[in-house]
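Peer 1: My questions all concern the structure below.
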Amino acid sequence: MDKLIELKGIKKVYKVGKVEVHALRGIDLTVRKGEYIAIMGPSGSGKSTLMNIIGCLDTPTEGVYHLEGVPVHEMNDSQLAEIRNKKIGFVFQTFNLLPRANALHNVELPLIYAGVPASRRKKIAEHALEIVGLKDRKHHRPSELSGGQRQRVAIARALVNRPSLLLADEPTGNLDSKAGEEVMKIFEELYENGNTIILVTHEKYIADHARRIVHIRDGRIIDDTGVAS
Amino acid sequence: MKWLGAFITFWENFKIAFKSLAANKMRTSLTTLGIVIGVLTIVSVASIISGLNKGFAEQISNIGSNVLYINKYPWIIMDDWYKYKNRPDITLREASFIREHSKYAEAVAPTSGRRSIVKYKDKILEDIRVVGIVYEEKDVENFEIDEGRFFSPIEVSRKRSVAIIGYEIKERLFEDDDPIGKKILIGGQKFVVVGVRSKRGNIFGQSLDIDVYVPLGTLYSKFGHRRSVGIQVKVKDPSLMEEASEELRFWMRVARALKPTEPDNFSINRQETLLKTYRDLTRGLYTAAFGIGALSLIVGGIGIMNIMLVSVTERKREIGIRKAIGAKRSTIVLQFLIESSMLCGVGGLIAVILSFIVSMLIDKLTPFPATVPLWSVVGGVIFSSLIGVFFGLYPAAKASKLDPVESLRYE
Ligand SMILES: Nc1ncnc2c1ncn2[C@@H]1O[C@H](COP(=O)(O)OP(=O)(O)OP(=O)(O)O)[C@@H](O)[C@H]1O
Ligand SMILES: [Mg+2]
């Protein structure tokens, strides 16, 4: 199987005044295409830090990161932006939708930055909204949607550029269990359609949706169930 | 594809900027106030000066560029008036002397004026300028006749009681009657109207069409010799104005038998002198207006910068989101630059609209004609947009450098 992600010796050190915070202390992780991974670990263990590095929102202090064989750790700001735009779909705990824009426009946004013309953009975005079951809500603003609906809009936005990798940092963290289950059902479908998914969660029952679970503590991987078959 | 992508990015950012400004209408309009005042000052003054220029061009066209004027006083007195007070009057005899001797002169026409009452039947016009002219007048200035005819040489030399009236005099005294051949009273003396001068328009709110013209000799014989004449000398070759002026000066000094040590006791005026003074004057006005305008543009620009900085802080999370889904630094810079230049451009546009109103008011309420020149409209909007780009640079750069992770955490 193809290696999608290869992390070697990833370290992240934050300097707060004179204190050094070692958020990641050397992570080695290989992810193959089509995997569904859950990352678990106590608060402050470095899950979000790792996700941000995988998602190219942040850069490691040390270590090597290859995405589809390309050395991401050597890239400049504008190349990273392009990776975020084309290769990665990121779903956040707090949705992070533009409050003044309607659902359709929010979903269109990555396509705008990819330079897709308006008419095609609209078609693709509408299709993505259809996948998450919100076709009839495309003109609603985030404030006019429930939490679960907002997160589904965010998932549609993450999907719209057909990324190689879908990242979700506690996607159900702000949702009640019913809305959470709906979101997880969408991830399940996406996984079955061949998408690669990595999600962070505190909840065992959420993590059980994944096919592989990686445990982190103090910036280190302490347990990895490994690739199933 | 690359260009299409760039265009799409630009256009989408344009829409984003428009929406964000429209969402804060009050803030937008207050912020642009400094820009509005700056551009308004510059465009208004430009419109006044452009109006003045037009009026002045008309005025100047009445004063031939190839005519020298020998007068008792200089047209523009920069120092003390009393220095000129004891100068002797310029006389008809001196005019004849010039006509006889000058080699540069093509035509010499003395003129003189006084104020008088003009009557026709029961209609009375008070304080009207009565100008005495000679037959050569039509050679030294553009003297067009609307109805009737100009004086004949005989009428001038025989000092006949004939008159040519300005266009407005005709309208006021005769209304729909035919004035030609009618008798009017000038200062109680009978004159026959032989012509109506073509309409000339206004200069600085003063009509040029309320003068009455009579032969100079007639003016003298009926109303006395007390006044100084002005001698108008048309120069044959316009490229030799300087030489002609020197020659006239020489002959005037000869006519007056001035000793070499004595200063001139007359003045030789010309269009160029007026033009130069006028240019100095308007240059001063322009400088002042640009000073005030530039100052308020800078103040306005700093206001824009300030509000853009506030906006960057307020929208930290939005910037984080945009970067997280693939907006490059350059795209964020573009977004904020478009926004700040649009903000200023709106200010410029408001100012241009206001300046049309201002110039209309100036035109209506003051003697100054004012027209808004096109270049100031286009320039006003473009220039203020550039101000927006300039003062938007720092906030835009700041926005683009925000760290996406940190911005996303911002509440
Ligand atoms: N910007 C930062 N500056 C300084 N320290 C940071 C910064 N971001 C994270 N840290 C520290 O790095 C460590 C890992 O943080 P991280 O957010 O990755 O934890 P997490 O596993 O996602 O926790 P949670 O489950 O609470 O979200 C923590 O100790 C945190 O305090
Ligand atoms: Mg976290």
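The values are calculated or read from the model by the stated rules, or taken from the named source; none is laboratory data. Computed from a prediction, not measured in an experiment: that's the story for all the values here. Every residue, glycine among them, receives a Cβ derived from its backbone with ideal geometry; neighbour counts consider all protein chains shown. Heads up: the accessible areas ignore ligands, DNA and RNA and are worked out on the full protein's heavy atoms, side chains in. Shrake-Rupley method; radii C 1.70, N 1.55, O 1.52, S 1.80 Å.
Peer 1: Among the residues in region A:108-122, are any touching a strand residue (DSSP E or B) at 6+ places or on another chain (Cβ under 9 Å), in contact (Cβ under 8 Å) with a residue 40 or more places away in the chain, away from ligand 1 (no atom under 16 Å from the Cβ) and among the aliphatic types (A, V, I, L, M)? Give the steps one after another, and end with the answer.
Peer 2: Initially, region A:108-122 is screened for residues touching a strand residue (DSSP E or B) at 6+ places or on another chain (Cβ under 9 Å), giving A:110.
Then keep just the ones that are in contact (Cβ under 8 Å) with a residue 40 or more places away in the chain; that gives A:110.
After this cut, where a residue has to be away from ligand 1 (no atom under 16 Å from the Cβ) as well, the list is A:110.
Narrowing the set further to residues that are among the aliphatic types (A, V, I, L, M) leaves none.
Among the residues of region A:108-122, not one is touching a strand residue (DSSP E or B) at 6+ places or on another chain (Cβ under 9 Å), in contact (Cβ under 8 Å) with a residue 40 or more places away in the chain, away from ligand 1 (no atom under 16 Å from the Cβ) and among the aliphatic types (A, V, I, L, M), which makes the answer no.
Peer 1: Sticking with this structure for a sec: Quick check on my filter: what residues within region A:158-183 are assigned to a helix (DSSP H, G or I) and open to solvent by 30 Å² or more (accessible area, probe 1.4 Å)?
Peer 2: Step one: of region A:158-183, the residues assigned to a helix (DSSP H, G or I) are A:158-159, A:177-183.
Passing the criteria: A:S177, A:K178, A:E181, A:E182.
Peer 1: If you don't mind, there's one more thing I want to ask. Within region B:363-411, track down each residue that is part of a helix (DSSP H, G or I), within 25 Å of B:S29 (Cα to Cα) and either within 14 Å of another protein chain (Cβ to nearest Cβ) or aliphatic (A, V, I, L, M) (or both). Give the steps one after another, and end with the answer.
Peer 2: Let us first name the residues in region B:363-411 that are part of a helix (DSSP H, G or I), namely B:363-365, B:374-400, B:404-409.
From what is left, the residues that are within 25 Å of B:S29 (Cα to Cα) are B:374-399.
B:L374, B:V377, B:V378, B:V381, B:I382, B:L386, B:I387, B:V389, B:L393, B:A396, B:A397, B:A399, listed by residue number.
Peer 1: Spot the failing condition for A:Y65; the list is (1) crowded, with 20+ Cβ neighbours inside 10 Å; (2) closer than 26 Å to B:L402 by Cβ; (3) within 16 Å of ligand 2 (Cβ to nearest atom); (4) away from chain B (no Cβ under 14 Å), and only one is missed.
Peer 2: If we test A:Y65 against (1) crowded, with 20+ Cβ neighbours inside 10 Å; (2) closer than 26 Å to B:L402 by Cβ; (3) within 16 Å of ligand 2 (Cβ to nearest atom); (4) away from chain B (no Cβ under 14 Å), just (3) comes out false.
Residues checked against (1) within 16 Å of ligand 2 (Cβ to nearest atom); (2) open to solvent by less than 30 Å² (accessible area, probe 1.4 Å):
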position: B:G347; (1), (2): no, yes
position: B:S359; (1), (2): no, yes
position: B:L365; (1), (2): no, no
position: B:V372; (1), (2): no, yes
position: B:W375; (1), (2): no, no
position: B:I382; (1), (2): no, no
position: B:V389; (1), (2): no, no
position: B:E406; (1), (2): yes, no
position: B:E411; (1), (2): yes, no
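Peer 1: Name the single residue, out of those in region B:298-315 being open to solvent by 40 Å² or more (accessible area, probe 1.4 Å) and more than 46 Å from the chain's Cα centre (by Cα), that is nearest to the other protein chains (Cβ to nearest Cβ).
Peer 2: Only one residue fits best here, namely B:E314.
Peer 1: Does A:V91 satisfy being within 16 Å of ligand 2 (Cβ to nearest atom) and in contact (Cβ under 8 Å) with a residue 40 or more places away in the chain?
Peer 2: yes
Peer 1: Next question, about the same structure. Kindly evaluate B:P88 against the criterion of being open to solvent by less than 60 Å² (accessible area, probe 1.4 Å), outside the structural domain of B:I180 (by TED's automatic domain parsing) and under 31 Å from the mean Cα position of the chain (by Cα). Outline the logic, then answer.
Peer 2: Details: open to solvent by less than 60 Å² (accessible area, probe 1.4 Å): yes; outside the structural domain of B:I180 (by TED's automatic domain parsing): yes; under 31 Å from the mean Cα position of the chain (by Cα): no.
In short, no.
Peer 1: Something else now. Does region A:90-103 contain at least one residue that is out of contact with any Leu (no Cβ under 6 Å at 6 or more places or on another chain), within 14 Å of another protein chain (Cβ to nearest Cβ) and in a strand (DSSP E or B)?
Peer 2: Looking for residues that are out of contact with any Leu (no Cβ under 6 Å at 6 or more places or on another chain), within 14 Å of another protein chain (Cβ to nearest Cβ) and in a strand (DSSP E or B), one finds at least one in region A:90-103, hence yes.
Peer 1: Only one residue in A:L24, A:L80 is away from ligand 1 (no atom under 16 Å from the Cβ) and either surrounded by 20 or more Cβ atoms within 10 Å (Cβ to Cβ) or β-branched (V, I, T) (or both). Which one? Full working, then the answer.
Peer 2: On the way: A:L24 fails: away from ligand 1 (no atom under 16 Å from the Cβ).
Going through A:L24, A:L80 in turn, just one is away from ligand 1 (no atom under 16 Å from the Cβ) and either surrounded by 20 or more Cβ atoms within 10 Å (Cβ to Cβ) or β-branched (V, I, T) (or both): A:L80.
Peer 1: While we're on this one: Out of the residues in region A:1-14 that are of a type in the set (D, E, K, R) and away from chain B (no Cβ under 14 Å), which is farthest from ligand 1 (Cβ to nearest atom)? Write out each step before concluding.
Peer 2: Keep residues of region A:1-14 that are of a type in the set (D, E, K, R), which gives A:2-3, A:6, A:8, A:11-12.
Checking which are away from chain B (no Cβ under 14 Å) leaves us with A:2-3, A:6, A:8, A:11.
Values: A:D2: 28, A:K3: 24, A:E6: 21, A:K8: 19, A:K11: 12 Å.
Top of the filtered list is A:D2.
Peer 1: Kindly indicate the residue of region A:3-21 that is surrounded by fewer than 21 Cβ atoms within 10 Å (Cβ to Cβ) and in contact with a Phe, Trp or Tyr (Cβ under 9 Å, 6 or more places away or on another chain) and also nearest to A:R84 (Cα to Cα) among those meeting that condition.
Peer 2: Going through region A:3-21, the residues surrounded by fewer than 21 Cβ atoms within 10 Å (Cβ to Cβ) turn out to be A:3-4, A:6, A:8-9, A:11, A:13-21.
Narrowing the set further to residues that are in contact with a Phe, Trp or Tyr (Cβ under 9 Å, 6 or more places away or on another chain) leaves A:6, A:8, A:20-21.
Numbers: A:E6: 17, A:K8: 20, A:E20: 28, A:V21: 26 Å.
Residue satisfying both the conditions and the ranking: A:E6.
Peer 1: Filter region B:157-174 for residues that are surrounded by 21 or more Cβ atoms within 10 Å (Cβ to Cβ) and small (G, A, S) and give the result.
Peer 2: Correct list: B:A163, B:G166.
Peer 1: Across region A:106-128, what is the total count of residues that are of a type outside the set (A, V, I, L, M) and either within 10 Å of chain B (Cβ to nearest Cβ) or within 23 Å of A:I53 (Cβ to Cβ) (or both)? First the steps, then the outcome.
Peer 2: Kept after step one, since they are of a type outside the set (A, V, I, L, M), are these residues of region A:106-128: A:106, A:108, A:110, A:113, A:115, A:117, A:119-123, A:126-127.
Applying the additional criterion that residues be either within 10 Å of chain B (Cβ to nearest Cβ) or within 23 Å of A:I53 (Cβ to Cβ) (or both) yields A:106, A:108, A:110, A:113, A:115, A:117, A:121.
Result for region A:106-128: 7.
Peer 1: Of the residues A:I155, A:I186, A:I206, A:I124, which single one is within 21 Å of A:G41 (Cα to Cα) and either part of a helix (DSSP H, G or I) or β-branched (V, I, T) (or both)?
Peer 2: Details: A:I155 fails: within 21 Å of A:G41 (Cα to Cα); A:I186 fails: within 21 Å of A:G41 (Cα to Cα); A:I124 fails: within 21 Å of A:G41 (Cα to Cα).
Step by step, each of A:I155, A:I186, A:I206, A:I124 is checked, and only A:I206 is within 21 Å of A:G41 (Cα to Cα) and either part of a helix (DSSP H, G or I) or β-branched (V, I, T) (or both).
Peer 1: Another question about this same structure. Is it the case that some residue within region A:212-229 is in a loop (DSSP other than H, G, I, E, B) and within 17 Å of the chain's Cα centre (by Cα)?
Peer 2: We begin by selecting, within region A:212-229, every residue in a loop (DSSP other than H, G, I, E, B); these are A:218-219, A:225-229.
Those still in the list that are within 17 Å of the chain's Cα centre (by Cα) too: none.
No, that holds for no residue.
Peer 1: Is it the case that A:N193 is free of Cβ contacts under 8 Å to residues at least 40 places away in the same chain, away from ligand 2 (no atom under 16 Å from the Cβ) and within 25 Å of A:V116 (Cβ to Cβ)? Talk me through it step by step, then tell me what you get.
Peer 2: Details: free of Cβ contacts under 8 Å to residues at least 40 places away in the same chain: yes; away from ligand 2 (no atom under 16 Å from the Cβ): yes; within 25 Å of A:V116 (Cβ to Cβ): yes.
Yes; evaluated as a whole, the condition is true for this residue.
Peer 1: So in region A:159-174, with the set limited to residues that are among the aliphatic types (A, V, I, L, M), more than 16 Å from ligand 1 (Cβ to nearest atom) and in contact with a Ser or Thr (Cβ under 9 Å, 6 or more places away or on another chain), which one is nearest to A:I206 (Cα to Cα)? If you could, list the steps in order and put the result at the bottom.
Peer 2: To start, the set of residues in region A:159-174 that are among the aliphatic types (A, V, I, L, M) comprises A:159-160, A:165-168.
Now drop any that are not more than 16 Å from ligand 1 (Cβ to nearest atom), which leaves A:159-160, A:165-166.
Add one more test, that the residue is in contact with a Ser or Thr (Cβ under 9 Å, 6 or more places away or on another chain), and what stays is A:165-166.
On the way: A:L165: 19, A:L166: 16 Å.
Among them, the one singled out is A:L166.
Peer 1: Just checking, does region A:127-141 include any residue being within 16 Å of ligand 1 (Cβ to nearest atom) and open to solvent by 40 Å² or more (accessible area, probe 1.4 Å)? Step through it out loud before you land on a result.
Peer 2: Looking only at region A:127-141, we keep the residues that are within 16 Å of ligand 1 (Cβ to nearest atom), and these are none.
So far as region A:127-141 goes, no, none of its residues is within 16 Å of ligand 1 (Cβ to nearest atom) and open to solvent by 40 Å² or more (accessible area, probe 1.4 Å).
Peer 1: For region A:35-51, name all the residues that are within 13 Å of ligand 2 (Cβ to nearest atom), within 22 Å of A:L190 (Cα to Cα) and surrounded by 23 or more Cβ atoms within 10 Å (Cβ to Cβ).
Peer 2: A:I39
Peer 1: Right, something else. With (1) at pLDDT 85 or above; (2) within 28 Å of B:S385 (Cα to Cα); (3) open to solvent by 40 Å² or more (accessible area, probe 1.4 Å) as the list, and B:V36 as the residue in question, which single condition is left unmet?
Peer 2: Among (1) at pLDDT 85 or above; (2) within 28 Å of B:S385 (Cα to Cα); (3) open to solvent by 40 Å² or more (accessible area, probe 1.4 Å), B:V36 violates only (3).
Peer 1: Only one of B:K182, B:K138, B:K159 is in contact with a Phe, Trp or Tyr (Cβ under 9 Å, 6 or more places away or on another chain), at pLDDT below 90 and over 23 Å from B:P367 (Cβ atoms); which? Spell out how you get there, then give the answer.
Peer 2: Working: B:K182 fails: at pLDDT below 90; B:K159 fails: at pLDDT below 90.
Testing whether each residue is in contact with a Phe, Trp or Tyr (Cβ under 9 Å, 6 or more places away or on another chain), at pLDDT below 90 and over 23 Å from B:P367 (Cβ atoms) leaves just B:K138.
Peer 1: Still on this structure, please answer the following. Residues in region A:197-227 that are of a type in the set (V, I, T) and more than 25 Å from A:E182 (Cβ to Cβ): how many?
Peer 2: Of the residues in region A:197-227, the ones of a type in the set (V, I, T) are A:197-198, A:200-201, A:206, A:213-214, A:216, A:221-222, A:225, A:227.
Within this subset, residues satisfying the condition of being more than 25 Å from A:E182 (Cβ to Cβ) are A:216, A:221-222, A:225, A:227.
Looking only at that region, the number is 5.
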